[in-house]
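A short reminder: the numbers here are calculations on the coordinates, not readings from a lab. Computed from a predicted model, the values in this text were never measured in an experiment. Neighbour counts run over all protein chains shown; Cβ positions are idealised from the backbone, glycine included.
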Amino acid sequence: MTTSTTTGGAPLVVGLGGTLRASSSTERALRYCLDSVERQGGRAKFFSGPDLDLPMYAPHELERTPKALELVNTLREADAVVVGSPGYHGAVSGLVKNALDDIEDLREDLASTSTTLRGAASAAHSDGRRRSAHWGSCAASGMRCARGRLRSE
């Protein structure tokens, strides 16, 4: 896990995703995003593939592993979250989906939180070239991302 901090109330952006393969393209894209956050004065914490290799989420089980607790506690403190996943059969990978299921432990905390999503999709086509699409805007807990710029309000 990569952790960087900046002193003084800077927004915390948590990156979550990747694969179990070191330096996957998804992991590199998330690192690029989080590096940009840090260059602009934000704080970033990254949970990559091995950090997300958690037991299957079971809502009826109250005990969590140390890795799951760290993920949930960090997300509790986050101002924004960036999620990256490879597209397996047109869907989010099981590794990332299972980690996202752990966010259910925050349901009481998030009851009064406003959330806006920004999405991006990329797919390989038969000619071997990748195509990407981006949509939306993002804002969470007083933070806005606009054309690659991060500022806290």
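Sorting the segments 85-93, 38-46 by their residues' average number of neighbouring beta-carbon atoms within 10 angstrom, most packed first, yields 38-46, 85-93. Extent of the range 1-80 along its three principal axes (Cα atoms, max minus min coordinate, largest first): 40, 29, 15 Å. Legend: calculated FRET efficiency, H89 to A58, from the Cβ-Cβ distance at R0 = 30 Å, rounded to 0.05, equals 0.80. Counting charges near L95 (Lys, Arg +1; Asp, Glu -1) among other residues having Cβ under 14 Å from its Cβ returns a value of -2. Within the shell of other residues whose beta carbon sits under 14 angstrom from the beta carbon of D109, the net charge comes to -4, with Lys and Arg scored +1 and Asp and Glu -1.
Evaluate the relative contact order of the range 5-62 (contact order divided by residue number), counting alpha-carbon pairs under 8 angstrom at least 6 apart; express in whole percent. It would help to have the intermediate numbers written out before the result.
On the way: 73 pairs, mean separation 24.6, N = 58.
Rounded, it is 42 percent for the range 5-62.
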